[in-house]
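Everything below concerns the one structure shown next.
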Amino acid sequence: MKAIVGVKRVIDYAVKIRVRPDKLGVVTDGVKHSMNPFDEIAIEEAVRLKEKKIVKEIIAVSCGPKQAQETIRTALAMGADRGIHVEMTAADMDKLQPLHVSKILANLVAKEKADIVILGKQAIDDDTNATAQMTSALLDWPQATFASKVEKEGDTLKVLREVDGGMETIIVKLPAVVSADLRLNEPRYATLPNIMKAKKKKIAKMKPGDCGVELKTHFDVVDVSDPPVREAGIKVDDVDTLIAKLKEAGKI
Amino acid sequence: MISTRQILQKCLRVQSATRSWTSSRCISTSDKDPSAAAAQAEVHEAEDFDDYGSAPIQQKPERPPFVKELFLGRFDKERLIFPEVLEKERHETLHEMVEPIERFFEEQVDSEKIDREAKIPQETLDGLKELGLYGMQIPQKYGGLEMGATEFARLSEITALDGSIAVTLAAHQSIGLKGILIAGNEEQKQKYLPRLATGEWTAAFALTEPSSGSDAASIQTKATLADDGKTWLLNGGKIWISNGGYANMMTVFAKTDITDHLGGVKEKVTAFIVERDFGGVSAGKPEDKLGIRGSNTCQVFFDNTPVPMENVLGEVGGGFKVAMQILNSGRFSMGSSSAALWEKAIGMREAFHLVARRTGICLLIAVLLKCHFEYIKINEIYILRHIIFRVSETLRNGYRMNGSFFGEVKILKIRVDRGNLDQWGIYCNTFFGTLRELKSYGYKRVLENSGILVVFFGNNEPDIAFTLFIMVYRLQYAGIELSQMVKKLRNPLMNPGFIIGKGMENFRQKRDNPKLDLNLGEQLHPALGSSAEALEYCIKRFQYGVESVLGRHAKKVVDPANQLEIARLADCAIDLFGMTAVLGRASRSKSIGIRNSEHEIHLAMTFTQQASMRIKKRVSDLENGPFVCGDKALNQIADELFEHGGYVAEHPLTRTYW
């Protein structure tokens, strides 16, 4: 089986985010970036499937500016076989939406004749949680999202999903799109010898146009601001005062 | 457009480079008193290095040794240009490597637990091996990562985050197996390096003995040739051996009998590769230490351990040289480890909160604290950081140590030592106060661990003594040149131009106003113009200081009584090197537009200013002579102390009358 895994370069989870002075985005200059944590889990799952000999080749795909290459390299160091970098300018990156990404992925799936697509469930910068679902729709493939366990049974996948109501087990026919949730696995560290070996692996470069996608925005960002600062609370002595205060504030 | 003067200077430099090599060979045969000669021989042995190791890394052409030339007032302007050390690809690869290691240390290393339990968990050790950290400098063909000095220094910054791990790794690869890399033959490399690279085997370095610490030549462990003539029998004991409790392979130094060409028998040190499995190797119990508690340190005993002939490292009798090469090649990484530790500590949020809180209490104290905080710590880190990378530039393939750069590395070590002991202690006490005692805050651990950075590659005090020897050596190097000058001085009619020039120069120097003609400002960003002048001033004053000292004492400069003067010169050289490094780095940052380069310019200018005040004072002390600057008085007090065998003054409550 051939697997395509999507990886996105995002601001590192430990960094304190600051809003840009023009209020149209966040500060990304000089800020530490790394691979989206859910994508790490996705790559790790693909590598484990490869170790179990279920998957034969793993292609890591990233859409982004030049630095996205670093993210692909990390994926290669973790065990992917080759990479595809869909390159665009930083300005275009701001216009990039899940719909574009899923169109690109669908296009690559057809080109590479992949059998399975593994993505992180959402990116920690935009939290859209849409790419996996859109990709499966475009490919007309079954989807298994929020996976916390994946097993192959014949030509189907048995997937344990973490949903709001609890856990759900589904069976999807291959080829399918899977999106990784937090507890699917614990990603390995890219060891230094693997990093050195990864340098020999190839990364193909493409443009969005090559995948038949034009980066047209469907909406404009009007304003980006910090969440409101949490205000101090008030302590009351009894329930009557509480009700009175709530009435005052117009809440009841 | 190259000016005529620059062409001339270039020619002079080439000339001096060739002359320096020939003159340095002459020094050892000239007539000096025997103790100095012995010291020099030691220095010479240590400095007489060969080129080792296959270098896939591009070599840049040699530059004349910076610190040595400084003694003659010759300043290599190229040094002001901060080297771009790594080509693009290696730079990128290094970048990629930093991330997983940092994450590993953040997520998997519980320093508090390691310190408390005095043990590094096996999973952590396995993780380190898997990451590839056990074979960083081993060539790829033996399974290692073949990293250059720069990469290694950068990664040492991360491993330093836990003192015990840093020491375990350093004992294994910076010294334990380094001997094989430097002096091993192909069979030895093939036999041992692959297992050491993966961490399957751990290495240790066994030189120190209870009676022989800094004086490596006085070790007493003995190796005698067995009857079959093919095996050495090792007998003796070593102390303070990191990884000694479980290392599979050790580099052991022992005395062997050497018959010289005249038939006399002498004892000389030989290096051996000893496997624990050879038999007769036992270890004492692990020492309970103040800092780096997770690393294994113990005594190691050898009882008739058989070591095959093939396991001699280098030549029989050539062990001292091997030991020095090993230690020198690894020392600089202590610098980057220190800088990283301090940087992290400064970043500790609590510190900033404390300063902020105290501002509310008393403005005056707050200002003092803030300034102290900024200048001292940050300056040290800044300087250290790029002295490292400057030094690593000269160590292109990781373990080659050209003798002349010995000075630079020594200076590095001294900065590390002083920074760690003096500054760290002040810093911790001033800022953290009682917080320091709380183990959970980690400051205590940093304080304790910082001690090891001083001692690991050879203790500070004898280091200073050793450095003094180097300086003396340099002085004599300068002396040869100056003696030529003195000849000219004595022959005024034949050298009128020279005499007049020299006279003018001296006249100006006596008024503390040397002519600044080096034009260093050209090499630096204009923002650093005034600092460039300050540096020139310091170089000229330093040269004057050297001449004064030599002029005053001539051959007797090696006399112990004059050590305080030499120490002043040594400190000046240290500051000069620091200034050069700092200005070069700040200039480069500003020129290529690195973020926050303005801050760097401020740091550079401040350091330069303070350093030049220090140099000014020192040279003026030298000028005034030992009576005026207090040296004679200090010496006298010290003599009285030693004579008395302890504190001399009587207790203040003593009375002689009632």
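The values are calculated or read from the model by the stated rules, or taken from the named source; none is laboratory data. Predicted model only: the values in this text are computed from it and were never measured. When we count neighbours, we look across all protein chains shown, and the Cβ atoms used for this are built from the backbone with ideal geometry, even at glycine.
Applying the condition of being assigned to a helix (DSSP H, G or I) and in contact with a helix residue (DSSP H, G or I) (Cβ under 6 Å, 6 or more places away or on another chain) to region B:168-177 and asking which residue is nearest to the other protein chains (Cβ to nearest Cβ) yields B:Leu169. Of the numbered criteria (1) surrounded by 18 or more Cβ atoms within 10 Å (Cβ to Cβ); (2) at pLDDT below 95; (3) in contact with a Ser or Thr (Cβ under 7 Å, 6 or more places away or on another chain), the one A:Val7 fails is (2).
Of the helices (runs of 4 or more DSSP H) contained entirely in region A:22-96, those carrying at least 2 residues that are within 14 Å of chain B (Cβ to nearest Cβ) fall at A:37-51, A:68-78.
Scanning region B:89-107 for residues that are closer than 19 Å to A:Glu186 by Cβ and surrounded by 14 or more Cβ atoms within 10 Å (Cβ to Cβ) yields B:Glu99, B:Pro100, B:Ile101, B:Glu102, B:Arg103, B:Phe104, B:Phe105. The conditions of being at positive phi and free of Cβ contacts under 8 Å to residues at least 60 places away in the same chain are not met by A:Lys23.
What pairs come up if the first residue lies in region A:184-212 and is within 11 Å of another protein chain (Cβ to nearest Cβ), the second is of a type in the set (Lys, Arg) and crowded, with 18+ Cβ neighbours inside 10 Å, and their beta carbons are under 8 Å apart, counting only those six or more places apart or on different chains? If the second residue must be of a type in the set (Lys, Arg) and crowded, with 18+ Cβ neighbours inside 10 Å, the pairs left are A:Ile195/A:Arg73; A:Ala198/A:Arg73; A:Lys199/A:Arg73. Of the candidates B:Leu524, B:Leu622, the single residue that is crowded, with 19+ Cβ neighbours inside 10 Å, hydrophobic (A, V, I, L, M, F, W, C) and modelled with pLDDT of 80 or more is B:Leu622. Picking from residues in region B:631-656 that are part of a helix (DSSP H, G or I), charged (D, E, K, R) and more than 32 Å from the chain's Cα centre (by Cα), the one that is nearest to B:Glu565 (Cα to Cα) is B:Glu640.
Quick one: in region A:60-119, of everything that is of a type in the set (Asp, Glu) and touching a strand residue (DSSP E or B) at 6+ places or on another chain (Cβ under 8 Å), which residue is surrounded by the fewest Cβ atoms within 10 Å (Cβ to Cβ)? It comes out as A:Glu112.
Is region B:152-160 home to any residue that is among the basic types (Lys, Arg) and touching a residue at least 60 places away in the same chain (Cβ under 8 Å)? Scanning region B:152-160 turns up at least one residue that is among the basic types (Lys, Arg) and touching a residue at least 60 places away in the same chain (Cβ under 8 Å). In region B:129-161, the residue that is nearest to B:Trp240 (Cα to Cα) out of those that are in contact with a Phe, Trp or Tyr (Cβ under 7 Å, 6 or more places away or on another chain) and either part of a loop (DSSP other than H, G, I, E, B) or within 14 Å of another protein chain (Cβ to nearest Cβ) (or both) is B:Leu161.
Out of B:Gly148, B:Gly199, report the one residue that is closer than 22 Å to B:Asn311 by Cα and in contact with a Gly (Cβ under 9 Å, 6 or more places away or on another chain). Only one candidate qualifies: B:Gly199. Restricting A:Ala244, A:Ala180 to those that are modelled with pLDDT under 90 and away from chain B (no Cβ under 14 Å) reduces the list to A:Ala244. Applying the criterion of being of a type in the set (Val, Ile, Thr) and at pLDDT 90 or above to the residues of region A:20-51, the residue that is surrounded by the fewest Cβ atoms within 10 Å (Cβ to Cβ) is A:Val47. For region B:82-111, the tally of residues that are over 29 Å from the mean Cα position of the chain (by Cα) and away from chain A (no Cβ under 14 Å) stands at 1. Of the residues making up region B:178-189, none is within 14 Å of chain A (Cβ to nearest Cβ), modelled with pLDDT of 90 or more and part of a helix (DSSP H, G or I).
Does region B:110-119 include one or more residues that are out of contact with any Asp or Glu (no Cβ under 6 Å at 6 or more places or on another chain), farther than 22 Å from B:Gly184 by Cβ and free of Cβ contacts under 8 Å to residues at least 60 places away in the same chain? Scanning region B:110-119, I find at least one residue that is out of contact with any Asp or Glu (no Cβ under 6 Å at 6 or more places or on another chain), farther than 22 Å from B:Gly184 by Cβ and free of Cβ contacts under 8 Å to residues at least 60 places away in the same chain, so the answer is yes.
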